[in-house]
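Worksheet for the structure shown next.
The values are calculated or read from the model by the stated rules, or taken from the named source; none is laboratory data. Because the structure is predicted, anything quoted here is derived from the model rather than measured. Backbone-built Cβ (ideal geometry, glycine too); neighbour counts: all protein chains shown.
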Amino acid sequence: MIQIENLSIEQGAFRLGEVSFAVPTGKYAVLMGPTGCGKTSLLEAIAGLRPVAGGRVRLGGREVTDLTPGDRGIGYVPQDAALFRTMTVYNHLAFALNLRGAARAAVRQRVTELADWLMITHLLYRRPVGLSGGEAQRVALGRALSFRPAYLLLDEPLSSLDEDTRGLLVELLNGLRKSAEVTVLHVTHNSAEADRLADVRFRMTDGQVVEG
Amino acid sequence: MTARGANARFYISLGLLGGVYVVLIVAMIGADLLFATPESLWEALKSPEIQYAIKLSLVSCLVTAVLSLWVAVPLGYLFSRTRFWGRPIIETIVDIPIVLPPLVIGLSLLILFQRPLGKWIEATTARQMGFLLTYVAIPMVAAVVFWPVLRRVARSHAFLYLPAVAVLVVVILRFSGLGGNLESSLQSRFGTRITFQIPSVIIAQFAVSCAFAVRTMRVTFDQISPRAENVALTLGCTRSQAFWNVALPESWRGLVSAGTIAWARALGEFGPILVFAGATRMRTEVLSTTVFLELSVGRLEAAIAVSLLMVIVAVVVLLLMRTFGLRGGPA
């Protein structure tokens, strides 16, 4: 379960007041809100990439507010995919496993499995330059899930994709939702995405997160 | 008037205004070319003094470029990625060599090495150079050379093995007897004071060139989004691993650019070298000093020939920079 308790963020002129909500284990939550309301800041704070002014973040009952991003065990897909420009797609999918000292055969097996599922096997030895938006997002998704995190944060992963590509990615995310292996918090401002994917829906208004 | 005609007039007037500068540069180089003959160029290149100057220029500029990168990468990264108290002051300090008259930099270096700290450094390099090279420089270089191997062997925290390799090399050198021989041979070969000796040429070049390298690296890291490094953090990297695995590889174009700029600045450096290193033939003479020395004794042909050599090198460096550094977006 992802539990956010009275979390507040202050960064320069930007301020997000005490926010509280919880995503049950294995559920796919969609957080909606207008552009610029602080959705990305909230995701970054949960991932440990942005300092918090107050409050707590708990993952599966364990408080992680003061842990480094790597120690939280969260997969994170930013809006622009943020791929590593000098690495091949294979190395993206192997990156987190190599960091953990996984055996070469295990890394290869996991990469193959992810590439099959994401339909990017033909791209494994390419670098990010020249990948389409949909391909880049699938690589970013694979990279975030490679080390089998229990939690996944998605920051508007479909916003820059055309209709066909979006359909494919929605299918993949739907598969992820049905497997219920990962607790997902998906941020978007598109209600159609929320309709197709959400187990639980949250709305961000006036610096507060409310269910529904 | 048609839209096409109006556009053409606009672009032509811009071209005419800017073209004045292009014409000036081409005219200067053209005048040099017309003045020099192939014989005078060949004659100059045959002179042992000028050959020494070419060699010293190439070696000192290379050392300066490497040292500049060594400093510019960490400083550029700090300026780009962190906000700390006093950062604007430190950034201003680093920019000082860019705006300071070159002669003042030379004079400041000369005075620095007349102070107790400078005198101590001079005494140390004169007596302990062999020791420093054997037990500090060689282990450090060994650690860097083995870095690519370490990264493959140690799948995580490879950077922790860097000091381990350095210490291992020190131990091997110390207890195999190799260190003693190496130390005395390096001492007799490189043991030297600094002022008016070869090290002063490198320090004078470094004092100016490094500032340009820092600027380049800072802009490079500014143009690389920190988001990829942030993702690397969520995947389990420490800040340092994210730097080595993501930021540094992505900055390779900037690295080439910064190294080339530092090298080119070092090649053109004259004022600080003249004051701090002197212009002694076959000792501290670099190409820019050669032009000055040849000119001062009235050998215009030789001065022009060396100038042309520097123009050729400058053009090659600029072409390299355009190929690697300034083309194809940031990094």
Wholly within region B:1-118, which helices (runs of 4 or more DSSP H) include no fewer than the required count, namely at least 2 residues that are over 28 Å from B:Ala302 (Cα atoms)? B:3-35, B:48-81, B:87-99, B:102-112
Are any of the residues in region B:223-230 over 14 Å from B:Tyr77 (Cβ atoms) and touching a Ser or Thr at 6+ places or on another chain (Cβ under 8 Å)? no
Hey, A:Val184 within 14 Å of another protein chain (Cβ to nearest Cβ) and either in a strand (DSSP E or B) or farther than 18 Å from A:Ile46 by Cα (or both) or not: no
Return the residues of region A:9-43 that are free of Cβ contacts under 8 Å to residues at least 40 places away in the same chain and in contact with a Leu (Cβ under 9 Å, 6 or more places away or on another chain); say none if nothing qualifies. A:Glu18, A:Ser41
As an exercise: evaluate B:Ser225 against (1) within 14 Å of chain A (Cβ to nearest Cβ); (2) surrounded by 20 or more Cβ atoms within 10 Å (Cβ to Cβ) and give the number of the one condition it does not meet. (2)
Quick one: A:Gly38 ticks every box in (1) touching a Phe, Trp or Tyr at 6+ places or on another chain (Cβ under 8 Å); (2) modelled with pLDDT of 90 or more bar one, so which box is it? (2)
Pick out the one residue from B:Ala228, B:Ala143, B:Ala204, B:Ala213 that is within 29 Å of A:Gly48 (Cβ to Cβ) and either under 27 Å from the mean Cα position of the chain (by Cα) or of a type outside the set (Asp, Glu) (or both). B:Ala228
Pick from region B:274-304 the residues that are assigned to a helix (DSSP H, G or I) and at pLDDT below 90: which of them is surrounded by the fewest Cβ atoms within 10 Å (Cβ to Cβ)? B:Leu300
Can you confirm whether region A:194-203 contains a residue that is of a type outside the set (A, V, I, L, M) and without any contact (Cβ under 8 Å) to a residue 60 or more places away in the chain? yes
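Okay, residues lined up against (1) β-branched (Val, Ile, Thr); (2) closer than 24 Å to B:Pro97 by Cα:
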residue: B:Ala242; (1), (2): no, no
residue: B:Leu255; (1), (2): no, yes
residue: B:Ala258; (1), (2): no, yes
residue: B:Ile261; (1), (2): yes, yes
residue: B:Leu274; (1), (2): no, yes
residue: B:Val286; (1), (2): yes, yes
residue: B:Val291; (1), (2): yes, yes
Give me the residue from region B:241-266 that is surrounded by fewer than 21 Cβ atoms within 10 Å (Cβ to Cβ) and facing chain A (nearest Cβ under 10 Å) and, out of that set, farthest from B:Ala207 (Cα to Cα). B:Gln241
State whether one or more residues within region B:202-222 are crowded, with 17+ Cβ neighbours inside 10 Å, more than 13 Å from chain A (Cβ to nearest Cβ), in contact with an Asp or Glu (Cβ under 6 Å, 6 or more places away or on another chain) and not in a helix (DSSP H, G or I). no
Do you know which residues across region B:76-102 are surrounded by 14 or more Cβ atoms within 10 Å (Cβ to Cβ) and either of a type in the set (Gly, Ala, Ser) or over 22 Å from B:Leu255 (Cα atoms) (or both)? B:Gly76, B:Ser80, B:Leu100, B:Pro102
Would a scan of region B:167-176 turn up a residue that is buried (at least 17 other Cβ atoms within 10 Å of the Cβ), away from every other protein chain (no Cβ under 14 Å), out of contact with any Cys (no Cβ under 6 Å at 6 or more places or on another chain) and at positive phi? no
Being over 19 Å from B:Trp244 (Cβ atoms) and aliphatic (A, V, I, L, M) is the filter here; which residues of region B:64-98 pass it? B:Ala65, B:Leu67, B:Ile89, B:Ile90, B:Ile93, B:Val94, B:Ile96, B:Ile98
Hey, can you tell me all the residues within region A:131-150 that are within 23 Å of A:Gly101 (Cβ to Cβ), away from chain B (no Cβ under 11 Å) and not in a helix (DSSP H, G or I)? A:Arg148, A:Ala150
Being of a type in the set (Phe, Trp, Tyr), in a helix (DSSP H, G or I) and in contact (Cβ under 8 Å) with a residue 40 or more places away in the chain, is that true of even one residue in region B:173-184? no
Does B:Ala314 satisfy the condition of being closer than 24 Å to B:Ile198 by Cα and at pLDDT below 90? yes
